[in-house]
Each structure stands twice: as structure tokens, then as C-alpha cells.
Amino acid sequence: MTTTDTSYAVAAYDLVKTYPKNVTALDGLSVTVDAGQIFGLLGPNGAGKTTAVKILTTLARPDSGTAVVAGHDVARHPRRVRTAIGAVAQRSSADPVATGRDNLALQGRLYGMGGTALRRRIDELLERFALVDAADRRVRTYSGGMQRRLEVALGLVHRPAVLFLDEPTTGLDPEARAAMWDEITQLAGDEGLTIVLTTHYLEEADRLADRLAIIDAGRVMATGTPAELKGELYGDAVHIDLRTALDEAAATAARTALAAVPGVREVALDGSRLSARADDGAAVVPGALAALEGAGVAVAAVTAARPSLDDVYLRYAGRRFADADADLVTAGGES
Amino acid sequence: MSALLTDTWWMTARRLKIGMAQPVFLVISLIQPVIWLFLFGNLFERVVDLGGFGTDSYLDYIVPGVVVMNALAWNMWAGMGTLEETSQGTLNRFLVTPVRRSAIMNANVFEQAVGTIVQSVVIVLLAWWAGATFDSGLPGVALLILLAVLLGVIFGSMSNAIGMLVRQRESIIGINTLLLLPLTFLSTVFMVRDLMPDWMATVSRFNPLDWAVVASRSALSATPDWGLVLSRGGWLLALAVLMVALSIRTFRSYQKAV
């Protein structure tokens, strides 16, 4: 086992983590992240993304498995890892009664910074994250977007080699989200920073990540660039929404009828939604509708589109991303 | 070592700033001791006539008890701060920086100590204004406050550990409700041991709150029994060191559960 491999910014091998009541958060998760790239951990709530980040940032201990971050083993040399990384949690962790500047100053102190160097770094970060005017106000008075920007600034004070961003845009309005995306893209260009971000927004992963791992139930289902992952699904995606969910016999009939249409491949049924692939999506639609009508299946809507990460997720996890998200939320929140 | 000191310094400065931003808590928590001193103290004024109190002023008798009891009540809530920092993610943010874990707990201890000192001084001044006498003068008062701080550290660290382990407000509220009055009444805060039922007198000897009361009352008297002050103070110090060490250990359990 290559536990001392330091050629990656982050390398995790077979991470397993179980919480009380036998909740398996990670079930043999392995990923490698090259230095200088933005790596996305994409998965629905409860997939194990946050747990993975907690282990990689030395906050939690895995039951088994190893991880090397910025060249150091997280279990054997947690302090070395801590010095080399920045970690930005999902929610605001700043002292609400302290000012933004005070929060940044304390964070710098904890990494042994001080004096003019720290003051300059703080000014630089306040400038960069558009917090200059709010710098001497209590964090309690900040908007959601400002708090999130301050969190990222906190993670960057000591110029880490690897920055972990856990759900960086969850809860932000569209405008603030777009601004955060620009910020993250710019950061990656700087100083060879490696960024590991978790997200349950397909669009976010698609847009930001150089490479990504699709995670479901504590395991990596697929890894690659967004283009590679989508490229594996050749042709267009055809989605047919049915009027009602089907019983087993009708489902088989519908699948068989659709699969028999020339040019249609990889038919899958998820609830009341049929999905298939076709080289030319629009061209197969009339034939598909006729075939389903012949099988006695009532159709509500049809779409044909270029493949999305959602299609990639469906292929690997066997269900729609939004459904997995909803299932896990009702089944007991995120980990 | 110097890194631990600077870490502790910055973390303590941070906690004190937060505390100073919310001085209202310090003031509110002074209401209770004022009630004990002036309402309870007046109500039971004549109890000294039973004899054995070593003074004919009940106020004199209860001042060290009220100071020590207040330290207990104040520090027992320390876990609420830890809990809040755990749930709002501040603690996690510190735990992924290189800051020493012991510095985080030390900062809590120092913050609580500062709070205990300020409150104790206020209570002593109020009692003095109401006519209480302090036979051994300032050195006795200083010892009283030191003993109150030690007792506070014991229960503050315990509260911090509970806050981090169970992560439920209800547990802290429950434990505090369960402990505060029994610990107070199973001690010589309000009553001399000779006048207690036998079983209470026996139990009270094992009560850290009682150690603090007995030692501080002796230190404040005209003729302190230094053997008593040192032994009870020593026990409190040992227990305080143990509880701080345990509270630092809880970071390990936290790391497994988080």
C-alpha cells in the first residue's frame, strides 16, 4: 500500500468511518488529488463528503484507512497537516461578537503569524474578499455572502498549500453564488493552491472542478474530469416523464417497447421517469412516443438533451441525483 | 512550551473579549448571591444564637459560603459556551489549526477564573458594605477568592467536558440543577457541621464545595488554622488539575464522535 506517496496534494486510501448506531459514513473511500487543481467531491447529502473532509483535515479519525495531505499522514503527523491546509466549513465559524479583522488576526496568530506581515496579509484578504468596509464591524452584522467570504479568508490567512471548501455556496443566493464561483476559480490560479471542494450542486461541480469524484453511500462511484465523465455517456439523453408510476409488468413492457425503437440505447426507469441514450435525441422522440403509446403507457413530457452530470450520476448510482438527495435527507440528514 | 503559552494567551484574550462583549451575564448571575446574602442572611439571622458558629453575625458566617457557592454556580455553566462553540463550528475551526488542544481548554479555565474573581470581589464588597467583617483582612479575602477560583476550575472543566461529549443543552441544565443545591446544602455554607444530621455531616466532608468553604472561612478568621487551609486547598488543587487534564482528554473522544 502506498501510504507515503507524496506526489499528490491529497491521497486517501480505503477510508472507513462508522458513527454510532451503525451509520456508515464512509465505506472504503479512495481519492487522489493532483497539486494545483480544483477537485470536486460530488454527491447527495449524506453521501459522506463532509466526513471525508473532516478526516482529511484531521478533525475526525477514520476507523481504518490512511490519508496523506500535503505530504503528511493525517494520523501520524496531524500538526504538520494542519499547518499546511486551510479548511472552510459549511457554516459560519467566525466569532460573531468579534469583528472580521479580529477574527482574521486571531486565525493568523494561531499559525504563528504576527506583526506587519500579519497586518498586511489581513488587509490583502479584506481587499480581495470585498470586506474592507465591514472589517471593523462585528461579524454578527454580516450578510450570508459576507460571512462566507470571511470564512474563506480565514482559511487562507496562512497561505495554505491545500484549501478544503465544504459546500462553499450552500445557502447563498444566486448572485452571491456566482461571485463565490469567480473567487474560487481565481484562487486556483494563485500560488499553485490545491482546492478540494464538496458540493451537491451538479452545476457547481461541472463549472468549477478540474477533476471530480462522484460519491454515493461513502464510496467513490466514478472519477474523472467533468468532460470525461459526460463523454462516457455517448450521445444525447432522452428523458420521458410518465403520467403515473408503473407496476412491474407495465414497467417491463415500457422498457421493452422503448428499447425496441431504432437508435435508442441504455433504457432505464427511475420512478415515473424513463431515460435512454440516443445519437440524435430529437430524431428518436416520435418513434419512442409511438412505441410507448402502443404499449399503453401515458406520457406527460419528453426532453432530449446533451448529457449532464446528473446523467452520469444516474448511470453510476442507479438513481437520479435529486432523488438521492431527498431520500437521504429524509433518512437522517447529512454526515 | 512557549508556543503553548502564546496559544493560551491568544485563546484567552479571545474568550475575554467575547465575555466583555456580553457583560450582562456577569451582572445577572450576581442576582443570586445577593439574594442569598441579604434575603437568606436576614431571614436566618437568629440562627447563630444556636451557638457553634464562631461568630455572632450570621452574615459573617455565610460570606465565604456565598462567594464559593457563586463560583460553583457560575462555572457550572461554562459548558454552555463550549457547546455553543461546538455547534457553531468555531471549535472545529480551531481544531484544524495547529493550536494546542490544551491551550483551548486553558483559555476556558482562565476566562472562568477572571469571571469568578470579578464576581467574588463584588460579593465581598457588597458584604463589607452591609457590615460583614473580615478579621484577617486582605490576605484572607485573597485566599477566599483563590479557593473559589480553584473550585470553579473543577466544575468549569467538568462542565466543558460534558458540553463537548454530550453536546446537549438539556444535559448541562439537568446536571447543574441536580448538583447545585445538594452540593450547597450538603456543606457548611449555611449551617455548622455540629448542627447537621449525622449523615449530612458525614457526606459534607467529601464535598469539594465544603473544602473550599471550610478553608476560606478559616483563612478569613482572626486565627487561621493553616493546616486546614493548606490541606483543603491542596485537595482542591489536585482535583482541579485532574479535571483540566480530563477535559483536555475529551478532545480525543470528540475526534472519534465528530
- Query: What FRET efficiency, computed as 1/(1 + (r/R0)^6) with R0 = 51 Å and r the Cβ-Cβ distance, is obtained for B:Arg252 and A:Ala251, rounded to the nearest 0.05?
  - Reply: 0.50
- If you roll a 1.4 Å probe over the heavy atoms of the protein chains, what accessible area per residue do you get for the range A:173-228, in Å²? 42
- Message: Using alpha carbons only, how many angstrom separate the centre of the range A:135-160 from the centre of the range B:52-112?
- Response: 29
- Query: Using modelled amide H (1.01 Å from N, peptide plane; none on Pro or chain starts), what sits under 5 Å from the amide H of B:Ser29, excluding residues fewer than 5 places away?
  - Reply: none
- Item | P(r), alpha carbons of the range B:2-257 - 5 Å bins starting at zero, rounded % | 1, 6, 13, 18, 19, 15, 11, 8, 5, 3, 1, 0, 0
- Note on the structure: Pairs over 25 Å Cα to Cα, from A:Lys54/A:Lys230; A:Lys21/A:Lys49; A:Lys17/A:Lys230; A:Lys21/A:Lys54, come to A:Lys54/A:Lys230; A:Lys17/A:Lys230
- Query: How big is the range B:161-258 on each of its three principal axes, counting only the C-alpha atoms and giving the largest first in Å?
  - Reply: 52, 26, 20
- Message: Give me the percent of accessible area attributable to carbon and sulfur for the range B:10-67, probe 1.4 angstrom.
- Response: 69
- Message: Using only the Cα atoms of the range B:89-181, what semi-axes does the equivalent ellipsoid have when each is the square root of 5 times a gyration tensor eigenvalue? Give whole Å, largest first.
- Response: 32, 17, 10
- Query: Using a probe of 1.4 angstrom, how much of the accessible area of the range A:10-229 is carbon and sulfur, in percent?
  - Reply: 48
- Spatial extent of the protein assembly as shown: Rg and Dmax, with the Cα atoms as the point set, Å: 31.5, 107
- Query: With labels modelled as points extended 7 Å from the Cα through the Cβ direction, what inter-label distance (nm, one decimal) is found for A:Asp14 paired with B:Arg205?
  - Reply: 5.9
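Of the listed peptides A:216-222, B:91-97, A:133-139, A:113-119, what is their order by residue-averaged count of other C-beta atoms within 10 Å, with the highest listed first?
Those peptides, ordered most packed to least, come out B:91-97, A:216-222, A:133-139, A:113-119.
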- Computed over the Cα atoms of the range A:162-230, what is the convex hull's projected area averaged over all directions, in nm²? 5.0
- Keeping all protein chains in place, calculate the accessible area per residue for the range A:234-306 (probe 1.4 angstrom), answer in Å². 51
- Message: Modelling each spin label as a point 7 Å along the Cα-to-Cβ direction, I'd like the A:Gln186/A:Arg306 distance in nm, to one decimal.
- Response: 2.7
- Note on the structure: accessible surface per residue for chain B, probe 1.4 Å, DNA/RNA/ligands not counted, whole Å² -> 46
- Total accessible area lost when B and A pair, probe 1.4 Å, Å² to nearest 100: 2500
- Query: How fast does the range A:10-229 diffuse by Stokes-Einstein, in µm²/s, taking the Kirkwood radius from C-alpha pairs at 25 °C and 0.890 mPa s?
  - Reply: 139
- Message: Just to be sure I understand the model, the point goes 7 Å from the Cα along the line to the Cβ. What's the resulting B:Asp225 to B:Ala21 distance in nm?
- Response: 4.8
- Would you mind checking the tilt of helix B:226-257 against the longest principal axis of the Cα atoms of chain B, expressed as 0 to 90 degrees and rounded to 10? 30
- Sorting B:Trp129, B:Trp10 by accessible area (1.4 Å probe), largest first, what list results? B:Trp129, B:Trp10
- Message: Over chain A, what is the relative contact order in percent, taking alpha-carbon pairs closer than 8 angstrom and at least six residues apart?
- Response: 21
- Per-residue mean of other chain beta-carbon atoms within 10 angstrom of the beta-carbon, peptide A:93-104? 4
- Task: Go ahead and estimate [θ] at 222 nm for the protein assembly as shown from helices alone: -39,500 (n - 2.57) per DSSP H run with n ≥ 4, summed, over the residue count, rounded to 500.
- Result: -17000 deg cm²/dmol
- Could you tell me what percent of the DSSP beta bridges with both partners in the range A:10-229 are antiparallel, to the nearest 5? 55
- Heavy atoms of A:Asp182 accessible to a 1.4 Å probe, total area in Å² rounded to 10: 80
- Message: Could you report the accessible area of A:Thr50 in Å², rounded to 10, computed with a 1.4 Å probe on the protein chains as they sit in the structure?
- Response: 20
- Binning at 5 Å from 0, report for the range A:234-306 what percent of all alpha-carbon pair distances ends up in each bin. 3, 20, 33, 28, 12, 3, 0
- At a Förster distance of 56 Å, what's the computed FRET efficiency of B:Arg193 paired with A:Asp123, Cβ-Cβ distance as r, to 0.05? 0.30
- All aspartates and glutamates inside 13 Å of B:Lys256 as judged from Cα atoms, apart from same-chain residues fewer than 8 positions distant: A:Asp63
- Message: Taking the alpha-carbon distance from B:Lys17 and a cut-off under 13 Å, which aspartates and glutamates remain once sequence neighbours fewer than 8 residues away in the same chain are dropped?
- Response: A:Asp95, A:Asp102, B:Glu111
- Task: Name the residues whose placed amide hydrogens come within less than 5 Å of the amide hydrogen of A:Leu163, ignoring near sequence neighbours (fewer than 5 apart) on the same chain.
- Result: A:Gly86, A:Thr194, A:Ile195, A:Val196
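The values are calculated or read from the model by the stated rules, or taken from the named source; none is laboratory data. It should be emphasised that the depicted structure is a prediction, and the values quoted were computed from it without experimental measurement. All Cβ positions, glycine included, derive from the backbone under ideal geometry; neighbour counts span all protein chains shown. The area values use the complete protein model at the heavy-atom level, side chains included, leaving out ligands, DNA and RNA. Shrake-Rupley method; radii C 1.70, N 1.55, O 1.52, S 1.80 Å.
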